[in-house]
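What follows is a single structure, written as structure tokens, with notes after it.
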Amino acid sequence: MAQAWKCTGLRWSAAGPVLVWDGGRRSVLTRGKRVAFGVVDGGVRTCVGARGHGCPVRAVVPGRSTGARCEECARLDRAHSVAADTIADDPRPYHVYLAWFGPGMVKVGITAEERGSARLLEQGAVCFSWLGLGPLMAARRSEELLRAALRVPDRIPYAEKRAVRSRLPATPAERAAEVEALHGRAVGLADWPESLERRPCRVVDHVGVFGLAGLPAAVGEVSELVGGGWVSGELVAVAGPDLHLDTARGVVVLDTRLMTGWEIVPAGEERGLTVPVRESREAAGVQDGLF
């Protein structure tokens, strides 16, 4: 039997996207590359643990969960989390940003300055601009202020992001327009925290980084992996955690968060796509590494 691997997730860096495996191995995700793997026949998906520690009971978790954690490990992972608003004394400076995912889909968020734009790449932000920089609690207050005053959310579901990727406005200027307009309104708000330094609007566009120009509409999304199932296709785009794979049935999106917790093996040349696929909204309308 081929060596089994365990994926710990997709990571974004200045060099681009890579899949990271237990033990530190990495698979560079280059567009045009064939991505092919299978799930160990008879295998089950086990909890990935929390905060660098394995699950003490190796609990079985649902195939459709993007977190791949049991209830207890999920609770521990959220503890002391900036995202969960459970930390008040983090001394690092934080950026406040506006991120755009498609027409009418702008969100506000915060990220540690030291992370640069990694958080925006991880979310699949098509373009973004910084709004301000300052202490964590000031960034948090600004985030809440902007949500209330500008009526922008702090979360956008991935299903909505995926649904528009193949039909984004053609030019960077068109894609930047909503961010520029909201940025202008945001920095003019009277209740802006004094300790948060305003940042000028400089929109960064990720269409080229993700490979979204000319992206074909997806026919479906992998809903879960299953024991004995196979995935195979040519990588045409990577946005956030999502791989857009050109398969025999058309372009199918694989959320790499569904890979964690499974034992995964290389696929043979003749393997196809044999995991459950949910029809997409668009379709409804019309051993240095594993691979």
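Selection of segment 182-225 for residues being under 25 Å from the mean Cα position of the chain (by Cα) and outside any loop (DSSP other than H, G, I, E, B) yields 182, 183, 204, 205, 207, 208, 209, 210, 220, 221, 222.
Suppose we filter segment 1-32 for residues that are open to solvent by 70 Å² or more (accessible area, probe 1.4 Å) and either over 14 Å from residue 264 (Cβ atoms) or in a strand (DSSP E or B) (or both); how many remain? Summing the residues that are open to solvent by 70 Å² or more (accessible area, probe 1.4 Å) and either over 14 Å from residue 264 (Cβ atoms) or in a strand (DSSP E or B) (or both) in segment 1-32 gives 7. If I filter segment 229-242 for residues that are of a type in the set (Ser, Thr, Tyr), in a strand (DSSP E or B) and either in contact with a Lys or Arg (Cβ under 8 Å, 6 or more places away or on another chain) or modelled with pLDDT of 95 or more (or both), do I get at least one hit? Scanning segment 229-242, I find at least one residue that is of a type in the set (Ser, Thr, Tyr), in a strand (DSSP E or B) and either in contact with a Lys or Arg (Cβ under 8 Å, 6 or more places away or on another chain) or modelled with pLDDT of 95 or more (or both), so the answer is yes. Out of 216, 241, 193, one residue alone is in contact with a helix residue (DSSP H, G or I) (Cβ under 9 Å, 6 or more places away or on another chain) and farther than 29 Å from residue 38 by Cα. It is 193. Please indicate, with yes or no, whether at least one residue in segment 201-211 is among the β-branched types (Val, Ile, Thr), at pLDDT 95 or above, more than 28 Å from residue 135 (Cβ to Cβ) and open to solvent by 50 Å² or more (accessible area, probe 1.4 Å). Checking segment 201-211: at least one residue is among the β-branched types (Val, Ile, Thr), at pLDDT 95 or above, more than 28 Å from residue 135 (Cβ to Cβ) and open to solvent by 50 Å² or more (accessible area, probe 1.4 Å).
Contact map, segment 40-60: residues that are under 25 Å from residue 231 (Cα atoms) paired with residues that are open to solvent by 100 Å² or more (accessible area, probe 1.4 Å) and assigned to a loop (DSSP other than H, G, I, E, B), Cβ distance under 8 Å, separation 6+ or inter-chain. Pairs shown: 46/58; 47/57; 47/58.
Would segment 111-122 turn up any residue that is at pLDDT 90 or above, in contact with a Ser or Thr (Cβ under 8 Å, 6 or more places away or on another chain) and open to solvent by 10 Å² or more (accessible area, probe 1.4 Å)? Steps first, please.
In the first step, residues of segment 111-122 are kept if they are at pLDDT 90 or above; the result is 111-122.
Next, from what is left, pick out any that are in contact with a Ser or Thr (Cβ under 8 Å, 6 or more places away or on another chain): 118-120.
Then keep just the ones that are open to solvent by 10 Å² or more (accessible area, probe 1.4 Å); that gives 118-119.
Checked segment 111-122: at least one residue is at pLDDT 90 or above, in contact with a Ser or Thr (Cβ under 8 Å, 6 or more places away or on another chain) and open to solvent by 10 Å² or more (accessible area, probe 1.4 Å).
Name every residue in segment 33-56 that is over 29 Å from residue 245 (Cα atoms), open to solvent by 70 Å² or more (accessible area, probe 1.4 Å) and either within 22 Å of the chain's Cα centre (by Cα) or among the charged types (D, E, K, R) (or both), in order of residue number. Within segment 33-56, 51, 52 qualify.
More than 30 Å from residue 272 (Cβ to Cβ), out of contact with any Asp or Glu (no Cβ under 8 Å at 6 or more places or on another chain), surrounded by 15 or more Cβ atoms within 10 Å (Cβ to Cβ) and at pLDDT below 90: which single residue out of 90, 77 fits that description? Walk me through how you get there before you give the answer.
On the way: 90 fails: surrounded by 15 or more Cβ atoms within 10 Å (Cβ to Cβ).
When all the criteria are applied, what remains is 77.
Evaluation of residue 131 against the conditions (1) surrounded by fewer than 20 Cβ atoms within 10 Å (Cβ to Cβ); (2) at pLDDT 95 or above shows that the sole unmet condition is (1).
Quick check, is residue 265 more than 22 Å from residue 123 (Cβ to Cβ), of a type in the set (Val, Ile, Thr) and open to solvent by 10 Å² or more (accessible area, probe 1.4 Å)? Against the criterion (more than 22 Å from residue 123 (Cβ to Cβ), of a type in the set (Val, Ile, Thr) and open to solvent by 10 Å² or more (accessible area, probe 1.4 Å)), residue 265 qualifies.
The values are calculated or read from the model by the stated rules, or taken from the named source; none is laboratory data. Keep in mind it's a predicted model, so treat the numbers as computed, not measured. Counting neighbours? That spans all protein chains shown, and the Cβs are built from the backbone with ideal geometry, glycine included. These accessible areas exclude ligands, DNA and RNA; they are computed on the full protein's heavy atoms, side chains included. Shrake-Rupley method; radii C 1.70, N 1.55, O 1.52, S 1.80 Å.
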